[in-house]
1. Out of the residues in segment 62-84 meeting the condition of being of a type in the set (A, V, I, L, M, F, W, C) and exposed (fewer than 15 other Cβ atoms within 10 Å of the Cβ), tell me which one is modelled with the highest pLDDT.
2. Confirm whether ALA38 is outside any loop (DSSP other than H, G, I, E, B), over 24 Å from PRO154 (Cα atoms), more than 18 Å from the chain's Cα centre (by Cα) and modelled with pLDDT of 95 or more.
3. Is one or more of the residues making up segment 100-120 under 26 Å from ALA28 (Cα atoms) and modelled with pLDDT of 95 or more?
4. Do we have any residue at all in segment 85-92 that's over 13 Å from LEU149 (Cβ atoms), touching a strand residue (DSSP E or B) at 6+ places or on another chain (Cβ under 8 Å) and not aliphatic (A, V, I, L, M)?
5. So is ASP46 surrounded by 11 or more Cβ atoms within 10 Å (Cβ to Cβ) and either modelled with pLDDT of 95 or more or acidic (Asp, Glu) (or both) or not?
6. Assuming ASP127 fulfils every condition listed in (1) among the acidic types (Asp, Glu); (2) surrounded by 15 or more Cβ atoms within 10 Å (Cβ to Cβ); (3) at pLDDT below 95 apart from one, which condition is it?
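The values are calculated or read from the model by the stated rules, or taken from the named source; none is laboratory data. The model shown is predicted, which means the values in this text are computed figures rather than measured ones. Positions of Cβ are backbone-derived with ideal geometry, glycine not excepted, and every protein chain shown enters the neighbour counts.
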Amino acid sequence: MIRAGLLAIAALSSSAAAQTPAAPAGLATSAEIRAAVAAMASEMRDGRNFLYRPLLKDGRTVAALEYWKAPGKPAVHPDQAEYAIVIEGAGTLVSGGTMVDAKTNRPDLVEGSRIDGGTTRPLAPGDVILVPAGVPHWFGITGGKLVLLGMKLPRGE
């Protein structure tokens, strides 16, 4: 019985070794994230209010840092959910409601002048955000900055 079990394990091991291994998972360490945020902070001069820095990529999926010193325009991503974690700073999230003066800038981005009837929530480090595809949203800045680690996820994934 033990010998049969050992033979089965050996057979599984040799068939697993014959398979092509998958690419290892991407990793951005906390030290790398802190260094990237510090570098972005030093680049925020001359009236610059927003920086975007990709950290990890897997095809179309990108995990990136967004560094905000001032709010941008309200946005809708028609076919992408937006997932983010607040890394540093403080702000507000307005989501839902109706986008006013909507203008399609790219197939994956519609921007407007404001959101009417949205829900407002405070944001602090450690908060997790998931905005479904097609939902208007806007990030306000209540401190000197709002730093997000996020990604866009295609609808249905």
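1. ALA70
2. yes
3. no
4. Looking through segment 85-92, at least one residue is over 13 Å from LEU149 (Cβ atoms), touching a strand residue (DSSP E or B) at 6+ places or on another chain (Cβ under 8 Å) and not aliphatic (A, V, I, L, M).
5. no
6. Looking at each condition in turn, ASP127 falls short on (3).
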